[in-house]
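*Asks:* One structure is given below, represented as structure tokens, and several questions about it will come after.
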Amino acid sequence: MTRTPTSTHDSLARELARRDAAWWRDLAARLAVSIGGVSTILFIVAIFAFIGSQGFEFAWNRLSWSELFFGTRWEPTVSPPTYGAWAMIAGTAWITAVAMLVAVPLSFCAAVYIGEFATGRRREWLKILVELLAAIPSVVWGVIGLQVFNPMIQSVFGVQIGLNVLNAGLILGLMAAPIMTTLAEDALKAVPDSYREAAEALGATRWQVIYKVVLPHARPGLSAAVLLGIGRAFGETIAVLMASGHTLMAPGSVFDSAATLTATIAAELGEAAVDSDHYQALFVLGLVLFFITFAINLLADRIVRGRRRS
Amino acid sequence: MVDLPKRRPDEVLVHAKEAPPAIEVARLNLWYGKFQALHDVDLTIKSGIVTALIGPSGCGKSTLLRSCNRINERLGYVTTTGTIKVLGEDIYGEQASRIQVRAHVGMVFQRPNPLPLSIRDNVLFGHRLHATRHSSRADEDGMVEQALREVLLWDRVKDRLQHKATGLSLEEQQKLCIARLLPTKPTVLLMDEPCSALDPEATSAVEDLIWDLRGHYSILIVTHNMAQARRASDECVFMLMGRVVEHSATEAMFVSPQQQQTSDYIEGRFG
């Protein structure tokens, strides 16, 4: 396209005021992107408001918080009802702890292998497979817990019930490992290669490079990976419900069945009458979960950011 | 206090003639994948002097330098044939471990690359990798002081040895990168354009340091800077397209180059 040179002042002014297609596309794109960005905040606030509104009246007027956190009996349908969530809190903590014992070594080893040892095609394939592993639906993991781990735990450890903390922890650990692997590998990748080169030039072996230079430098990112993995384990519902045995008693060992906060909400919300105390109490549990995961994510974010600033 | 014997330049050169060569490269060929970067390189680097490798970008001078402590092998796709002997020992031989090679042949990089550790830990890093037994704190302190004195950094950093090395100025970082090679008592120091990330003042300080270290170590330095090669080396090796074109005393090369290509290059007609 050829443009005629603007000879008079008038036509230059018109030319400068012209809005071409690119200008409009830019405006549209900026609008679309900002709406997307702002809606994230909107959703968080809306969800928080919804959960809060459902449980607020009950939590404010009739709930004893000390009973909620430390009470051992969760009997919302008995008269008089009790709302002690200690068993679920303990169950969640136990199962998450076992999950991390499984997931942290597994994902860190995988990340170190993918990030530091594997090269070329093998590395690309592994990354794809890890992401594929993260995409397995949680109900499938639940079925594996029920049908595979359950009899396996019974026969290996000689226990009566294979649906317990160990089972749910293993399942959750395997579920959290892929995302933790991806995050940990990102953290390793962020370590400048000049550090590795410097250490190798001084005569460090590959392993010395990794544990003396790469891992210490990647520690904030690795901590964030663990925290997000914990968040993932906390929030998982259906697989734990299927694998944990769902028993409302604080577990004393990994071979005891247990219940988690999420599984209890999932299992009981359907049978609780809308707006009943029981219904509202479940929303209070949801609120507790929300705060815990929120705090974990915030902490992970702080760790990563804090490192970047320094 | 650590006292370093100073040698006069002529003494250094006499020493260089008598001592066995620091590095002997014989029929060295090197490929990156299918691309051949070095062709039949034969080269003898004398002991105790500074030898500069010059040539245009891509001529293979860095590749040759990086072959001398086998850091090239970090890239999985490098193939090398021929031999490189350091003090008479083939570093590519079956018995040679590249870990040990690197303790004896230190390397300084283009951009100062101190590790994200304290100054003290940086100096001791190589030593701790190679020490066969645990050193006492006093031994380590002595080692740190001696290494930092050798690179003329001690007085500037002695009160902040626990500070992060990455907080030092670029000049100090580069000197630290030289200092951390010294505790493993290397015989050869390789330097890959060690001043190219530094400002003129820092360049001159690091050059002076390199000149000071001469005699104690055999130094092979890659440089793009003709003036630097001229003022800070005893011998010069001119490379082109993966081959050694000319190797002579620095003065001789700059005053009366034997090859047309050499004179074209040092007069700035290409490169």
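*Asks:* Tell me which helices (runs of 4 or more DSSP H) are completely within the range A:201-243 and hold 1 or more residues being free of Cβ contacts under 8 Å to residues at least 12 places away in the same chain and within 14 Å of chain B (Cβ to nearest Cβ), or say none if there are none.
*Replies:* Counting at least 1 such residues, we get A:206-209, A:215-235.
*Asks:* Something else: Which condition number does B:S196 fail, the rest of (1) in contact (Cβ under 8 Å) with a residue 60 or more places away in the chain; (2) over 22 Å from A:E200 (Cβ atoms) being met?
*Replies:* Going through the list (1) in contact (Cβ under 8 Å) with a residue 60 or more places away in the chain; (2) over 22 Å from A:E200 (Cβ atoms), B:S196 breaks only (2).
*Asks:* Of the residues A:I51, A:I44, which is in contact with a helix residue (DSSP H, G or I) (Cβ under 7 Å, 6 or more places away or on another chain), surrounded by 10 or more Cβ atoms within 10 Å (Cβ to Cβ) and either in contact (Cβ under 8 Å) with a residue 12 or more places away in the chain or not hydroxyl-bearing (S, T, Y) (or both)?
*Replies:* Only one candidate qualifies: A:I51.
*Asks:* If you don't mind, there's one more thing I want to ask. Of the numbered conditions (1) at pLDDT below 95; (2) assigned to a helix (DSSP H, G or I); (3) surrounded by 11 or more Cβ atoms within 10 Å (Cβ to Cβ), A:L63 fails exactly one; give the number of that condition.
*Replies:* Single failed check for A:L63: (2).
*Asks:* Which residue out of B:Y77, B:Y92 is of a type outside the set (A, V, I, L, M, F, W, C) and touching a Phe, Trp or Tyr at 6+ places or on another chain (Cβ under 7 Å)?
*Replies:* Numbers: B:Y92 fails: touching a Phe, Trp or Tyr at 6+ places or on another chain (Cβ under 7 Å).
Step by step, each of B:Y77, B:Y92 is checked, and only B:Y77 is of a type outside the set (A, V, I, L, M, F, W, C) and touching a Phe, Trp or Tyr at 6+ places or on another chain (Cβ under 7 Å).
*Asks:* Go through (1) in a loop (DSSP other than H, G, I, E, B); (2) surrounded by fewer than 16 Cβ atoms within 10 Å (Cβ to Cβ) for B:D264 and report which single condition fails.
*Replies:* (1)
*Asks:* Does B:A165 satisfy the condition of being among the small types (G, A, S), within 13 Å of chain A (Cβ to nearest Cβ), touching a residue at least 24 places away in the same chain (Cβ under 8 Å) and under 27 Å from A:P192 (Cβ atoms)?
*Replies:* Working: among the small types (G, A, S): yes; within 13 Å of chain A (Cβ to nearest Cβ): yes; touching a residue at least 24 places away in the same chain (Cβ under 8 Å): yes; under 27 Å from A:P192 (Cβ atoms): yes.
It is true that B:A165 is among the small types (G, A, S), within 13 Å of chain A (Cβ to nearest Cβ), touching a residue at least 24 places away in the same chain (Cβ under 8 Å) and under 27 Å from A:P192 (Cβ atoms).
*Asks:* Helices (runs of 4 or more DSSP H) wholly in the range A:74-179 with at least 3 residues that are under 26 Å from A:T293 (Cα atoms) - which ones?
*Replies:* In the range A:74-179, A:86-112, A:120-134, A:138-144 are the helices (runs of 4 or more DSSP H) which contain 3 or more residues that are under 26 Å from A:T293 (Cα atoms).
The rows are residues; the columns are (1) open to solvent by 10 Å² or more (accessible area, probe 1.4 Å); (2) in a strand (DSSP E or B).
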site	(1), (2)
B:M143	yes, no
B:T166	yes, no
B:M191	no, yes
B:A197	yes, no
B:T203	yes, no
B:V206	no, no
B:L209	no, no
B:D212	yes, no
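*Asks:* Could you check the range A:205-225 and list, in sequence order, the residues that are surrounded by 20 or more Cβ atoms within 10 Å (Cβ to Cβ) and within 23 Å of the chain's Cα centre (by Cα)?
*Replies:* If the condition is that a residue be surrounded by 20 or more Cβ atoms within 10 Å (Cβ to Cβ) and within 23 Å of the chain's Cα centre (by Cα), then A:A218, A:G221, A:L222, A:A224, A:A225 are the ones that fit.
*Asks:* With the condition being within 11 Å of chain A (Cβ to nearest Cβ) and touching a residue at least 24 places away in the same chain (Cβ under 8 Å), I'd like the helices (runs of 4 or more DSSP H) fully within the range B:21-133 carrying at least 3 qualifying residues.
*Replies:* In the range B:21-133, B:98-104, B:119-130 are the helices (runs of 4 or more DSSP H) which contain 3 or more residues that are within 11 Å of chain A (Cβ to nearest Cβ) and touching a residue at least 24 places away in the same chain (Cβ under 8 Å).
*Asks:* Return yes when A:L183 is of a type outside the set (G, A, S) and away from chain B (no Cβ under 14 Å) and no when it is not.
*Replies:* yes
*Asks:* Taking into account only those residues within the range B:217-232 that are polar (S, T, N, Q) and in a loop (DSSP other than H, G, I, E, B), which is surrounded by the most Cβ atoms within 10 Å (Cβ to Cβ)? Walk me through how you get there before you give the answer.
*Replies:* First, the residues of the range B:217-232 that are polar (S, T, N, Q): B:218, B:223, B:225, B:228.
From the residues that got through so far, the ones that are in a loop (DSSP other than H, G, I, E, B) too are B:223, B:225.
Details: B:T223: 24, B:N225: 16.
Looking at the filtered set, the residue picked out is B:T223.
*Asks:* Any chance the range A:104-119 includes a residue that's within 14 Å of another protein chain (Cβ to nearest Cβ) and of a type in the set (S, T, N, Q)?
*Replies:* So far as the range A:104-119 goes, yes, one or more of its residues are within 14 Å of another protein chain (Cβ to nearest Cβ) and of a type in the set (S, T, N, Q).
*Asks:* When you check A:L31 against the structure, is it farther than 22 Å from A:F294 by Cα and of a type in the set (A, V, I, L, M), yes or no?
*Replies:* Against the criterion (farther than 22 Å from A:F294 by Cα and of a type in the set (A, V, I, L, M)), A:L31 qualifies.
*Asks:* State whether the residues of the range A:252-269 include one that is away from chain B (no Cβ under 14 Å), without any contact (Cβ under 8 Å) to a residue 24 or more places away in the chain and more than 23 Å from A:G162 (Cβ to Cβ). Lay out the reasoning, then the answer.
*Replies:* First, pick out the residues of the range A:252-269 that are away from chain B (no Cβ under 14 Å): A:252-269.
Of the ones still in play, those that are also without any contact (Cβ under 8 Å) to a residue 24 or more places away in the chain are A:252, A:269.
If we keep only those that are more than 23 Å from A:G162 (Cβ to Cβ) too, we end up with A:269.
Within the range A:252-269 (the criterion being away from chain B (no Cβ under 14 Å), without any contact (Cβ under 8 Å) to a residue 24 or more places away in the chain and more than 23 Å from A:G162 (Cβ to Cβ)), the answer is yes, since at least one residue qualifies.
*Asks:* Would you check if there is a residue in the range A:130-138 being farther than 30 Å from A:R196 by Cα, of a type in the set (G, A, S), surrounded by 14 or more Cβ atoms within 10 Å (Cβ to Cβ) and touching a Lys or Arg at 6+ places or on another chain (Cβ under 6 Å)?
*Replies:* no
*Asks:* Just one of (1) more than 14 Å from every other protein chain (Cβ to nearest Cβ); (2) modelled with pLDDT under 95; (3) open to solvent by less than 60 Å² (accessible area, probe 1.4 Å) trips up A:G158, so point out which.
*Replies:* (3)
*Asks:* Oh, and also: Which of the residues spanning the range A:144-175 are over 13 Å from A:T237 (Cα atoms), touching a residue at least 12 places away in the same chain (Cβ under 8 Å) and of a type in the set (A, V, I, L, M, F, W, C)?
*Replies:* A:I144, A:L146, A:F149, A:I153, A:F157, A:V159, A:I161, A:L163, A:V165, A:L166, A:L170, A:L174
The values are calculated or read from the model by the stated rules, or taken from the named source; none is laboratory data. Just so we're clear, the structure is a prediction, and the values are computed from it rather than from any experiment. FYI the Cβ positions are ideal-geometry reconstructions off the backbone, even for glycines, and counts take in every protein chain you see. Side chains are part of the model used for accessible areas, which takes the heavy atoms of the whole protein and leaves out ligands, DNA and RNA. Shrake-Rupley method; radii C 1.70, N 1.55, O 1.52, S 1.80 Å.
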